[in-house]
Amino acid sequence: MPDNKKLFTSFKIGPVTLRNRVIRAAAFEGLCPGNSPSEDLLNYHQALATGGVGMTTVAYAAVEPSGLSFPHQLLLNSKAMPKLKLLTDAVHKEGAACSIQIGHCGNMAKGALSGSRPVAPSALLNWYGPTFPRAMRKSEIKEMAASFGKSVHLARESGFDAVEVHAGHGY
């Protein structure tokens, strides 16, 4: 029989010590109308922290407007920082850590949200959209890498303890 008590012991990930090994995985909340954090998003993650998770993860934050795929998806920019800081402060007050998942939806992004044709590593059709992205230019690859770096900085300044890079599902 496994020792289930280990689940409830503290655990260190890099410089962050979690009060237990329970991590709320990133799963799209849809609580960011206008791509901005809402009070409902704060309340949701605060409730998870109050409930005892070691760390909760704010999901699916786009690093650029061109990476948005849903109308209620978070766009991680300087405008979002004050509300995200309130969220991380609320989670920390409850004794939990807080992470954020960042990404760019690539060929799954919606041009109607960004106002431009989706960009992706290649111009392959996304049958699920369907969307017809264009391939990124070499200069855009460097710009996108910089956008990920800027988003990590914004996350740190907003009080997040960790960042998860979403790089699956064709992103």
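The values are calculated or read from the model by the stated rules, or taken from the named source; none is laboratory data. Note that the coordinates shown come from a computational prediction; the quantities given were computed from them, not determined experimentally. Cβ coordinates were reconstructed from backbone atoms using ideal geometry, including for glycine residues, and neighbour counts include every protein chain displayed. Please note that ligands, DNA and RNA were not included when accessible areas were found on the heavy atoms of the full protein model with its side chains. Shrake-Rupley method; radii C 1.70, N 1.55, O 1.52, S 1.80 Å.
Some notes on this structure:
- Residue list for segment 88-120, restricted to those being open to solvent by less than 10 Å² (accessible area, probe 1.4 Å) and hydroxyl-bearing (Ser, Thr, Tyr): Thr88, Ser99
- Hits in segment 5-60 (condition: of a type in the set (D, E, K, R) and either farther than 13 Å from Cys98 by Cβ or not in a strand (DSSP E or B) (or both)): Lys5, Lys6, Lys12, Arg19, Arg21, Glu29, Glu39, Asp40
- Of all residues in segment 121-134, those that are open to solvent by less than 70 Å² (accessible area, probe 1.4 Å) and free of Cβ contacts under 8 Å to residues at least 40 places away in the same chain total 7.
- Those residues of segment 78-119 which are polar (S, T, N, Q) and either over 25 Å from Gly14 (Cα atoms) or assigned to a helix (DSSP H, G or I) (or both), in sequence order: Ser78, Thr88, Asn107, Ser114, Ser116
- Val53 vs. criteria touching a helix residue (DSSP H, G or I) at 6+ places or on another chain (Cβ under 7 Å), crowded, with 20+ Cβ neighbours inside 10 Å and on the phi < 0 side of the Ramachandran plot: no
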